[in-house]
Amino acid sequence: QINDKEFEEMISHDQIQKRIRLIGIQMNVDYENKVPVFIGVLNGCFIFMADLMKEITVSSEVNFIRVSSYAGDSTTGVVKEVIGLQKSLKNRDVVLVEDIVDTGITMEHLLKEVYKHEPASVKICTLLLKPDALQKQFDELTYIAFEIPNDFVVGYGLDYDELGRNLRDIYRAIKAPTET
Ligand code: PRP
Ligand code: MN
Ligand code: MG
């Protein structure tokens, strides 16, 4: 229970770690002999990013950008950039790391910013993807840990009105009978 919503476990910490190990292996192959820049999208990415980076063995840089668009459980549609990119990404191999790509509004904004730097390549790595909620198509979407239904989720970095980020597992909101 967080505020007014009830939640049930959806993805365990163990399942998450297994997927992260596999994604790490794939990235270590894909970025062999390159020096990628991993850019985490705060706040939601912080736990995923930390666990992912522990699986990366290629020489790499880590950076963060902070944007925010959600209030409670719904998107405001306006992406606020709270902390921008500190460093030039010109000719770099960029990996954007998100906890979740939901409607895709945040990601669209991020890609626009990143491409201004003329990077060598851009890929997206997301822990969660909601195919039914996604409003855009991204060719950059290469690393996806889990595809999930259109439920509201918290835990492992994801929040409900800023609460629940510290939960070890991922939980989904149990729909009230009145909701559809
Ligand atoms: C959440 C999530 C993604 C974004 C996805 O961030 O972490 O960044 O929303 O939603 P979208 O695809 O519909 O744009 P939020 O704005 O809640 O900020 P937070 O990471 O600080 O929780
Ligand atoms: Mn976020
Ligand atoms: Mg949020």
Notebook entry, point to check: Name the GluC sites (Glu not before Pro) in the stretch 2-69 that are in a loop by DSSP and that have at most 14 other C-beta atoms within 10 Å, would you?
Noted result: Glu6, Glu32
Check: Quick one: of the DSSP bridges fully inside the stretch 37-164, what percent are antiparallel, nearest 5?
Finding: 25
Next item on the list: Evaluate the Kirkwood expression for the hydrodynamic radius of the stretch 89-180, namely the inverse of the mean inverse distance over all pairs of different C-alpha atoms, and round to one decimal in Å.
Entry: 14.4
Item checked: Cα-based helix-to-principal-axis angle, 105-115 vs the chain, degrees rounded to 10 -> 10
Next item on the list: Enumerate the amide H contacts of Val95 below 5 Å, restricted to partners 5 or more residues apart or on another chain; note that Pro and chain-start residues carry no placed amide H.
Entry: Val37, Phe38, Ile39, Lys123
Item checked: Between helix 13-30 and the chain: long-axis angle, C-alpha atoms, 0 to 90°, nearest 10 -> 20
Next item on the list: Could you give the spread of the C-alpha atoms of the chain along their three principal axes, from largest to smallest, in whole angstroms?
Entry: 52, 34, 25
Notebook entry, point to check: With the contact rule set at Cα under 8 Å and sequence spacing of 6 or more, what percent relative contact order holds for the stretch 23-180?
Noted result: 20
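Bear in mind these aren't lab numbers, they're just calculated from the coordinates by the rules spelled out. In this text, all values refer to a predicted model and were calculated from it rather than measured experimentally. Glycine gets a Cβ as well: all are built from the backbone with ideal geometry, and neighbour counts include every protein chain shown.
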